[in-house]
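The values are calculated or read from the model by the stated rules, or taken from the named source; none is laboratory data. Every value quoted in this text rests on a predicted model; they were computed, and no experiment measured them. Here the Cβ positions follow ideal geometry from the backbone for every residue, glycine too, while neighbour counts run over all protein chains shown.
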Amino acid sequence: KNQVEQSPQSLIILEGKNCTLQCNYTVSPFSNLRWYKQDTGRGPVSLTIMTFSENTKSNGRYTATLDADTKQSSLHITASQLSDSASYICVVRGGSYIPTFGRGTSLIVHP
Amino acid sequence: DVKVTQSSRYLVKRTGEKVFLECVQDMDHENMFWYRQDPGLGLRLIYFSYDVKMKEKGDIPEGYSVSREKKERFSLILESASTNQTSMYLCASSTGGNQPQHFGDGTRLSIL
């Protein structure tokens, strides 16, 4: 069964600090992996997509990595801001029409 | 910018009522999706549609039906609402392939 596991479930950090969110998956075959950010009361918004041949991709202060051999991805947030407080969802698409969603990591950034 | 609009942000209904949740997208996307989101469970797919009048069951279709009469509109129907259908409902659309899903801001539905 295709599964996407995210850790930690929740995380609290101080403003200005860095953090890393993890995503492990068992989806096979692999097509792509996407990270979404969901602000409270809003729908998820795509941050970045990783395909099989990509190891690292940055979007501003967000850097995603992918290790297709170990089926792991991470999302690193540099110099966190209060606006980074959100839920981060890892979504993996395999051979079927429908992607598999992780349950998300809830990040709180305190001033 | 793609816009996915859900008709209500908050909705309160009674057990046994028939409930309609509406979703409209303005980017001519072929694919549309309905999810529910519950604390600790993440997003779970209820139904999706890849074309007008086409629909496919997702992971948790029981108690729900859908309608897609026009390309831009995808409706979720709770045939006889029950308290365990209290949840956040999210609609999304996409062109498929490697393109992202674009989500609405959700409808928080309470069944009393």
task = For residues that are touching a Leu at 6+ places or on another chain (Cβ under 6 Å) and more than 30 Å from A:Pro8 (Cβ to Cβ), scanning just region B:9-43, find the one that is farthest from the other protein chains (Cβ to nearest Cβ).
result = B:Arg14
request  = Mind listing just one residue for me: the one in region B:85-104 that is surrounded by fewer than 18 Cβ atoms within 10 Å (Cβ to Cβ) and hydroxyl-bearing (Ser, Thr, Tyr) and, of those, farthest from the other protein chains (Cβ to nearest Cβ)?
outcome  = B:Thr86
request  = Looking only at region A:77-85, decide whether some residue is within 13 Å of chain B (Cβ to nearest Cβ) and either assigned to a loop (DSSP other than H, G, I, E, B) or hydroxyl-bearing (Ser, Thr, Tyr) (or both).
outcome  = no
query = Hey, B:Tyr64 hits all of (1) among the aromatic types (Phe, Trp, Tyr); (2) within 13 Å of chain A (Cβ to nearest Cβ); (3) more than 15 Å from B:Val4 (Cβ to Cβ) but one; which does it fall short on?
reply = (2)
query = Which of the residues spanning region B:6-25 are more than 23 Å from A:Ile98 (Cβ to Cβ) and not aliphatic (A, V, I, L, M)?
reply = B:Ser7, B:Ser8, B:Arg9, B:Tyr10, B:Lys13, B:Arg14, B:Thr15, B:Gly16, B:Glu17, B:Lys18, B:Phe20
note = Of the residues in region A:73-97, those that are surrounded by fewer than 17 Cβ atoms within 10 Å (Cβ to Cβ), touching a strand residue (DSSP E or B) at 6+ places or on another chain (Cβ under 6 Å) and touching a residue at least 60 places away in the same chain (Cβ under 8 Å) number 1
key: Matching option when the condition is farther than 30 Å from A:Ser7 by Cα and free of Cβ contacts under 8 Å to residues at least 60 places away in the same chain, among B:Ser80, B:Ser67, B:Ser7, B:Ser87   = B:Ser67
inquiry  = Against the conditions (1) closer than 29 Å to A:Tyr88 by Cβ; (2) surrounded by fewer than 16 Cβ atoms within 10 Å (Cβ to Cβ), where does B:Ser82 fall short? Just the number, please.
reply    = (1)
ask   = Which condition number does A:Met50 fail, the rest of (1) touching a residue at least 12 places away in the same chain (Cβ under 8 Å); (2) outside any strand (DSSP E or B); (3) within 11 Å of chain B (Cβ to nearest Cβ); (4) not acidic (Asp, Glu) being met?
value = (2)
task = Would you point out which residue out of A:Val109, A:Val91 is part of a strand (DSSP E or B), more than 9 Å from every other protein chain (Cβ to nearest Cβ) and at pLDDT 95 or above?
result = A:Val109
inquiry  = With the condition being hydrophobic (A, V, I, L, M, F, W, C) and either within 11 Å of the chain's Cα centre (by Cα) or modelled with pLDDT under 95 (or both), I'd like the strands (runs of 3 or more DSSP E) fully within region B:23-112 carrying at least 2 qualifying residues.
reply    = B:31-38, B:42-49, B:73-78, B:87-94
ask   = Of all residues in region B:63-72, which are surrounded by fewer than 16 Cβ atoms within 10 Å (Cβ to Cβ) and in contact with a strand residue (DSSP E or B) (Cβ under 6 Å, 6 or more places away or on another chain)?
value = B:Ser65
message = Suppose we filter region B:30-45 for residues that are surrounded by 15 or more Cβ atoms within 10 Å (Cβ to Cβ) and either polar (S, T, N, Q) or farther than 21 Å from B:Arg9 by Cβ (or both); how many remain?
response = 3
request  = Among what's in region A:1-36 and is surrounded by 15 or more Cβ atoms within 10 Å (Cβ to Cβ) and in contact with a Pro (Cβ under 7 Å, 6 or more places away or on another chain), pick the residue that is nearest to the other protein chains (Cβ to nearest Cβ).
outcome  = A:Arg34
